[in-house]
Structure formats: structure tokens, C-alpha cells
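These notes concern the structure reproduced below.
The values are calculated or read from the model by the stated rules, or taken from the named source; none is laboratory data. Every value quoted in this text rests on a predicted model; they were computed, and no experiment measured them. Here the Cβ positions follow ideal geometry from the backbone for every residue, glycine too, while neighbour counts run over all protein chains shown. What goes into the accessible areas is simple: the full protein's heavy atoms, side chains included, and nothing from ligands, DNA or RNA. Shrake-Rupley method; radii C 1.70, N 1.55, O 1.52, S 1.80 Å.
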Amino acid sequence: MDVIVETNPQTASQAGTDLLATLIRRKPTLKAVLATGNTPMDMYSRLAALKNAGKIDAGQMTVFQLDAYLDVPDTDPRSLYGWMDRSFIQPMDIPATQVHRFRETSDDPHGDCVRYADTIRASGGFDLAVLGLGPNGHLGFNEPPSAADATTRVVTLTPESIISNAVYWGGIARVPKVSVTVGMDALLASSQIILIATGAHKHDILRRTVEGPVTPDVPSSFLQTAAKVTIITDRAAWEGDR
Ligand code: F6R
């Protein structure tokens with residue numbers, strides 16, 4: 001694992017932007033699965049600024065949705081696809097034909113997950129996974145316990161995730177309780193993984209991710225076993241409140 005410890009969330013975002021830009025320039029046809037959540041948003045904005053300045057062209061990239069709440073349509077402000085669309089797909093001008101996604105409303109979410117996993121496999125897997133770090137060590141919505149071979153599937157959110165998401169959705173009752181996620185198997189097989197985690201509130205889980213026992217109880221700890229992982233963090237997350 002490479003760890004880049006930046007001074008603050010802004011410099012961490014810039015470090016992530018520089019790395020993403022390098023990877024896209026090196027392989028314009030990059031196939032990437034991308035997290036939403038708050039942490040990567042500044043990085044995506046900075047990348048879009050590079051694109052608007054003509055310094056990068058992501059038009060050949062293929063983007064895969066990482067996770068979704070079930071039965072939340074794109075028009076709902078809580079939709080994770082809607083969030084990814086606004087924060088990355090549109091600003092980076094990714095053609096719709098190069099976007100793969102979950103169906104968020106479906107009569108057969110289990111079958112959809114199997115088909116989505118087939119699509120990921122058929123495309124040869126991910127060149128890059130950009131991930132955030134859940135307070136319980138979830139990656140995407142691979143909630144604890146999630147084994148390294150956990151597949152792309154329907155997941156019931158843990159109480160901890162529901163509580164942490166409540167701030168976004170205006171209260172616990174409004175948080176969708178069931179989601180779908182790309183599995184640990186496909187994420188860990190990615191040729192490269194960037195995990196971005198900033199802020200003192202991520203300190204404990206980041207430490208457990210990097211140096212704790214590798215266990216399904218902390219799904220992010222499986223990153224210790226992945227091929228190429230770059231953790232981009234800031235002092236507050238890396239060192240805690242010391
Ligand atoms: C979102 C996702 C989640 C978040 C994680 C951290 O698509 O996959 O796993 O990355 O919950 O969220 P933030 O960045 O808001 O702390």
C-alpha cells in the first residue's frame with residue numbers, strides 16, 4: 001500500500017486529482033468504478049476544472065456505478081447515480097454509452113446484480129476503483145461482515161451506516177435501508193485502487209484498515225491484500241486529534 005498524507009482535505013483532493021489525471025492521460029480508455037459520498041467530491045470538481053481548462057480528456061473513459069439505494073429513482077436527490085452523474089459523468093463529458101449502472105428500481109434486484117457482475121466481468125474488470133471509507137470500514141456498500149469474495153449483490157444497511165447517512169437525508173427515517181453494491185471480489189481485483197479518507201472522524205477506521213487484522217468485520221482491511229492500493233489521506237485522519 002502506498003500512503004500519501006497531505007496537510008488537509010483540500011491538498012488531499014489535489015493529490016488525488018493529480019493521480020487521477022495521470023492515470024487518465026496514461027490510459028484514456030480507463031475503466032473506473034467511482035464512489036460518491038462527500039470525500040471525493042472536491043477531487044472530482046478539481047478534475048473537472050482540469051478538463052474545462054483543456055488539460056485532460058476523459059471522453060474515452062468507461063465509468064461503472066459503485067453502489068445504489070434500492071427503489072430510489074434518479075430524480076430523487078438521494079439517488080447515488082444522480083450524484084455520480086452530477087459530480088463526474090456530466091462534468092467530465094462521459095458519453096452515456098460508456099456508463100454502466102445498477103437499475104435502482106427493479107422487480108428483480110438480485111438478478112440485476114448478477115447481470116451487472118457479468119457486465120463487469122465481460123468488460124475485463126476495473127483498471128481503477130476510486131473508493132471512500134465508511135465509518136464501519138464499508139467499501140461501496142459492502143457492509144461488515146463482507147468477505148473478500150463477496151459478490152455484487154443486494155445489501156441491507158447496518159445501523160451504523162444508516163445513522164451516518166442520516167445527516168445527508170434529513171433523519172434516520174428517510175435513509176433507504178436496502179442497497180446494491182459492486183462486490184468485494186470485483187473491487188479487490190481492480191488493477192489499481194485509490195482510497196480517499198480525510199478528517200479526524202476517519203482516524204480509527206483508517207488505522208484498522210491499514211494495520212488492523214484482515215477481517216470481514218472491517219471490509220476495508222482487505223485492501224491490505226489487494227494488488228496496488230494508494231491511500232490518500234490528511235494529517236487529521238492519519239494521526240488523529242493529536
Ligand atoms: C458511496 C460509497 C460509500 C462512501 C463512504 C464514505 O458511493 O460507496 O462507501 O464512500 O460511505 O462516505 P463519505 O465520503 O461521505 O465519508
(message) Looking only at the range 223-242, count every residue that is open to solvent by 20 Å² or more (accessible area, probe 1.4 Å) and assigned to a helix (DSSP H, G or I) and tell me the total.
(response) 6
(message) Of everything in the range 35-93, what is hydroxyl-bearing (S, T, Y), within 17 Å of R174 (Cβ to Cβ) and surrounded by fewer than 19 Cβ atoms within 10 Å (Cβ to Cβ)? Give them in sequence order.
(response) T75
(request) Confirm whether V99 is open to solvent by 70 Å² or more (accessible area, probe 1.4 Å), in contact with a Ser or Thr (Cβ under 8 Å, 6 or more places away or on another chain) and at negative phi. (result) no
(message) Filter the range 203-218 down to the residues that are crowded, with 17+ Cβ neighbours inside 10 Å, touching a helix residue (DSSP H, G or I) at 6+ places or on another chain (Cβ under 6 Å) and at pLDDT 95 or above and list them by number.
(response) H203, L206, T209, V218
(request) Within the range 42-51, identify whether any single residue is over 26 Å from S123 (Cβ atoms) and without any contact (Cβ under 8 Å) to a residue 24 or more places away in the chain, and answer yes or no. (result) yes
(request) Looking only at the range 58-81, decide whether some residue is farther than 15 Å from I194 by Cα, in a helix (DSSP H, G or I) and among the aromatic types (F, W, Y). (result) yes
(request) Scan the range 195-207 and report the pairs whose first residue is over 13 Å from G137 (Cα atoms) and more than 9 Å from the ligand (Cβ to nearest atom) and whose second residue is modelled with pLDDT of 95 or more and not β-branched (V, I, T), with Cβ atoms within less than 6 Å and a gap of 6+ or a chain change. (result) A200/A236
(request) Given the conditions (1) within 16 Å of the chain's Cα centre (by Cα); (2) without any contact (Cβ under 8 Å) to a residue 40 or more places away in the chain, report the number of the one that P135 does not fulfil. (result) (2)
(message) Of all residues being assigned to a loop (DSSP other than H, G, I, E, B) and in contact with a Leu (Cβ under 7 Å, 6 or more places away or on another chain) in the range 93-135, which is nearest to the ligand (Cβ to nearest atom)? Just the residue, please.
(response) L133
(message) For the range 210-232, give me each residue that is over 15 Å from the mean Cα position of the chain (by Cα) and of a type in the set (V, I, T).
(response) V210, V214, T215, V218, T225
